[in-house]
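Encoded as structure tokens, the structure appears first; notes follow it.
The values are calculated or read from the model by the stated rules, or taken from the named source; none is laboratory data. Keep in mind it's a predicted model, so treat the numbers as computed, not measured. Here the Cβ positions follow ideal geometry from the backbone for every residue, glycine too, while neighbour counts run over all protein chains shown.
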Amino acid sequence: MSDAQTSLSFRSNAVQAIGNAQLRAAMRHATDTFGAKRADAFAPVADVEAMRDRASAIREEVLNNLPRYVDQFVASATRAGATVHRAKDAAVAREIIRKLLADRGARRIVKGKSMVSEEVDLNAHLEASGMEVVETDLGEYIIQLERETPSHIIVPAIHKNRQQVGKLFSERLGVPYSDDPQVLTRIARQVLREKFLSADAGISGANFAAADTGSLVLFTNEGNGRMVTTVPPLHVAILSIEKMIPSLADFPDFIRLLPRSATGQTMTSYVSVITGPRKPGDATGAKELHIVLLDNGRTEILGGESRDILKCIRCGACMNVCPVYRTVGGHAYGWTYPGPMGLILTTLLTGMAKSHPVVDASTLCGACVDVCPVRVPLVDIILQLRHRKVREGFSDPKEKAGMALFGKAAASPALFALGQRLAGWFWPVVRVLGGKDVAGRMPAPAKTPFHRKAP
Amino acid sequence: MSGPDLAARFLENAAAAAAGAHSVSGTGDLLAALGRIVPTGSPVYCPGLTELEKAAAPLFPNRVADCAAAEVTVEEVFGAIAETGTLVCVSEGGRAVQAGLLPAHHVAIVRRDRIFATLDGLLAVVAAVPPTNVTLVTGPSRTADIELTLAIGVHGPERLDVIVVQPGVTFPYARP
Amino acid sequence: MRAQLFGTCLVDSFFPEVGEATVKLLRRFGVTVTFPKGQTCCGQPAYNAGYQAEARSAAGHFLSVFRGEDPIVTPSGSCAAMVKHHYPALFRDDPKMRAAAENAAGRVFELSQFLVQVLRAHEKGFPGKGKVTYHSSCHLTRSLGVREEPLLLLRSLRGAEFVPLPDGIRCCGFGGMFMAKLPEISCALAEERADSVVATGADTVTGCDAGCLMNISDAMKKRGSPVRVAHLASLLAEGI
């Protein structure tokens, strides 16, 4: 279930999050754990920087030739027996999927985790036409029961503690209360196994797509991704166009980087390479495979200055080390994607008018740049977005006026010194105007500025 | 890397991913290992397609034809990857890859000479014309979705055992 | 040798003692310190908030004040990073200014960087006392790559015990304009940093950036902590 975008109220979302002690504790635990796990996973790897360079170069090569790789993928996937649909935007994607499901009389749909399906708000659209859509990734299942949206791109229910999940299961599933994760997992296994085996269709995302063979590549741990893509007779995969990798032979570096970056695992339990539907002689595979390639603004981003965000491989490492994300959690950002990559994608995909406060949701500390496996220049892109925010007129008018004054004072020593003197004389007034939030946290200006005492 | 080294590295990494790791040489050894690993009387799915599967099948009095009805799958897999302790399951030759997914317990047999040193080695072989499904399996299914606490056994198998069969011994079919 | 001192706007306005300590330190190691008159601000607050025109105005003035070939030394990692990494790009469309920017970028040093790399000050050491911990600022470490130099200087404080912060390099929440635009998050981060400082049992926390120290100091004050917050320049200069 998706709520309307709330990025415009980022600051008040953040304030609310900061006041939520359980959320703070959950986020601290999660980001501390992920940070340590990622570091431990990479420590024994001999040539991490070379690996990142190679992966970055492959992603850049793909972006430099994206239309060609997408065309190649369409041709090869079609040759392998899949039906490929190109969806210009969210509405088109939703309707393509709804129609192909409805045409086949599909009522029960099982779903693997797909951030892109959240981006286009797919579930609500299918449910509105009477279909039952069951999220099968445990974290997604939890938030579906809770009627919430994911707060992290890898671990959607990271903001919940075990007691909350226990209470949710006992209330919604009628099982005896337990807050033991192993017990709760077993309950989910039982409930969802029945859904897998009776589903008319499975919907999945894909972590990557190999252009030369038309293959979809999925990294999963639970087994639900494998179920969803092979058990029901119909498999629908939705992915955004920038997920292309030229060839399966390019995958080793990504297989080494993605699990370690995301969860600190050496390998996810499963890496599935799916090439077309079931063929004569096969005993595995959906009878029909439909692949929906989503644009939804990416071609436009590709032509712009911030195009390097499209290199992102959705590992979540950036949000795991982000001081802002750690403090406020994912929902504060107001849309599908949180943290550093999230605030960038939110702004570029939904537009500055709906997103501009999240552009400020960064201290520019650079922790994200340190960990991005494909070297997306996240801080540089955030600075670009801030510049655009100013150019396009979304700045706070008081701030704009203040900055104009700053620009003049910084270029005029006399004006600068005057400003210092006035601030010093009227500090109590400045404190009131600047609020206890800002000026109240600064010391009073020095009686004699340094430049009057300098050599 | 030598064959024995590859096998050792594979088994070490598989164990690190919470798989039971076993090494055998010869049919007798294999059957003994299976006797220890698979609970007696469990409904077992064993395809019986390869030499080793044909040798193992008679061990299980309660064989089922549909892997969805099985508690244990005993099968030989396409290969393995030493670098990551990973099994390679492919759909080629009419193999049901979901046999290693649906039952709670997956027992995977792999010949030592089918162990690739690295991911690159394996992908080079399947990259050109991949079968419909290639699944790399590392350990049993798992999740950390609740408080980042590891829980083993979600929708896929709760238990994975891998058995490396050392070469140099013939495997006559077991008596029917 | 000669060096041009860039005090920074924060030091100039709020922490002149840091400027004085910097002069004292540099002179101690034989540097003739000049203070180019008319210096104001590197422009970072505007640049980081997306106001490139205003940043260019500040930067242009900086470049007109800091001419020549002498090293430019500043007690601020973020200001040094601004000059080094962003000045050339700010003037990408103006060849003359770009050349001036590249000239400045090529000779700017953060103070601890200069003390260690050029003056080898850590080999001489400094008198010190008490138990000191160190907050490593984000731009200093990640942008400028200055990680070891402050530690070498701190370890050369004879008589002082150095204890590292338990959770490594973490943002204190200052972030320049961030502390003004999202003060609640800024305070929450400063609180966590303060928790970390208190956990070390140190009586002093030091660092190389006045902005960070100001934010941490606010958090320490709020909890009535007696821990002293002092710029590395002040700490080193005290004993000499």
Farther than 27 Å from A:V358 by Cβ, buried (at least 24 other Cβ atoms within 10 Å of the Cβ), more than 11 Å from chain A (Cβ to nearest Cβ) and not hydrophobic (A, V, I, L, M, F, W, C): which single residue out of C:T206, C:T200 fits that description? C:T206
Of the residues A:V92, A:V84, A:V15, which is modelled with pLDDT of 95 or more, farther than 30 Å from C:D195 by Cα and assigned to a helix (DSSP H, G or I)? A:V92
Consider region B:106-155. How many of its residues are in contact (Cβ under 8 Å) with a residue 12 or more places away in the chain and under 28 Å from A:L192 (Cβ atoms)? 19
Tell me which residues, restricted to region B:43-63, are surrounded by fewer than 18 Cβ atoms within 10 Å (Cβ to Cβ), part of a loop (DSSP other than H, G, I, E, B) and on the phi < 0 side of the Ramachandran plot. B:P43, B:L49, B:T50, B:P61, B:N62
Which helices (runs of 4 or more DSSP H) sit wholly inside region A:350-453 and have at least 1 residues that are within 38 Å of the chain's Cα centre (by Cα)? A:352-355, A:367-371, A:378-391, A:397-411, A:427-434
Quick one: would you say C:E148 is among the acidic types (D, E), touching a residue at least 12 places away in the same chain (Cβ under 8 Å), surrounded by fewer than 18 Cβ atoms within 10 Å (Cβ to Cβ) and in the same structural domain as C:N215 (by TED's automatic domain parsing)? yes
Helices (runs of 4 or more DSSP H) lying entirely in region C:154-240 (those with 3 or more residues that are within 25 Å of C:V23 (Cβ to Cβ) and in the same structural domain as C:K131 (by TED's automatic domain parsing)): C:210-222, C:232-238
Might you check whether a residue that is under 19 Å from the mean Cα position of the chain (by Cα) and assigned to a loop (DSSP other than H, G, I, E, B) occurs anywhere in region A:270-292? no
Given the criterion more than 13 Å from every other protein chain (Cβ to nearest Cβ), under 30 Å from C:A188 (Cβ atoms) and out of contact with any Phe, Trp or Tyr (no Cβ under 8 Å at 6 or more places or on another chain), identify the matching residue among A:L100, A:L63, A:L8. A:L8
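Table: residues versus (1) in contact with a helix residue (DSSP H, G or I) (Cβ under 8 Å, 6 or more places away or on another chain); (2) surrounded by 24 or more Cβ atoms within 10 Å (Cβ to Cβ).
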| position | (1), (2) |
| --- | --- |
| A:G264 | yes, no |
| A:K279 | no, no |
| A:V292 | yes, yes |
| A:L302 | yes, no |
| A:R314 | yes, no |
| A:G342 | yes, yes |
| A:V358 | yes, yes |
Answer yes if at least one residue in region A:314-333 is farther than 30 Å from A:L122 by Cα, within 13 Å of chain C (Cβ to nearest Cβ) and assigned to a helix (DSSP H, G or I), and no otherwise. yes
Those residues that are at the interface with another protein chain (Cβ under 7 Å from one of its Cβ atoms) and among the small types (G, A, S), I need them from region C:179-193; list them, please. C:A180, C:A188
Which of (1) under 16 Å from the mean Cα position of the chain (by Cα); (2) in contact (Cβ under 8 Å) with a residue 60 or more places away in the chain is the odd one out, the single condition B:Y45 does not satisfy? (2)
Strands (runs of 3 or more DSSP E) wholly inside region C:31-117 containing at least 3 residues that are more than 9 Å from chain A (Cβ to nearest Cβ): C:72-74, C:108-110
Breaking point among (1) in contact (Cβ under 8 Å) with a residue 40 or more places away in the chain; (2) of a type outside the set (A, V, I, L, M, F, W, C); (3) outside any strand (DSSP E or B), for A:R189: (1)
Can we say B:A124 is at the interface with chain A (Cβ under 7 Å from one of its Cβ atoms), closer than 26 Å to A:A283 by Cβ and surrounded by fewer than 24 Cβ atoms within 10 Å (Cβ to Cβ)? yes
Of all residues in region B:143-168 being outside any loop (DSSP other than H, G, I, E, B) and among the charged types (D, E, K, R), which is nearest to the other protein chains (Cβ to nearest Cβ)? B:R159
Single residue of A:R24, A:R38 found to be within 12 Å of another protein chain (Cβ to nearest Cβ), assigned to a helix (DSSP H, G or I) and under 23 Å from the mean Cα position of the chain (by Cα): A:R24
Hits in region A:214-269 (condition: at the interface with chain B (Cβ under 7 Å from one of its Cβ atoms), part of a loop (DSSP other than H, G, I, E, B) and out of contact with any strand residue (DSSP E or B) (no Cβ under 9 Å at 6 or more places or on another chain)): A:T266
Without any contact (Cβ under 8 Å) to a residue 40 or more places away in the chain and either assigned by TED's automatic domain parsing to the domain that holds A:I245 or surrounded by 18 or more Cβ atoms within 10 Å (Cβ to Cβ) (or both), is that true of A:V92? yes
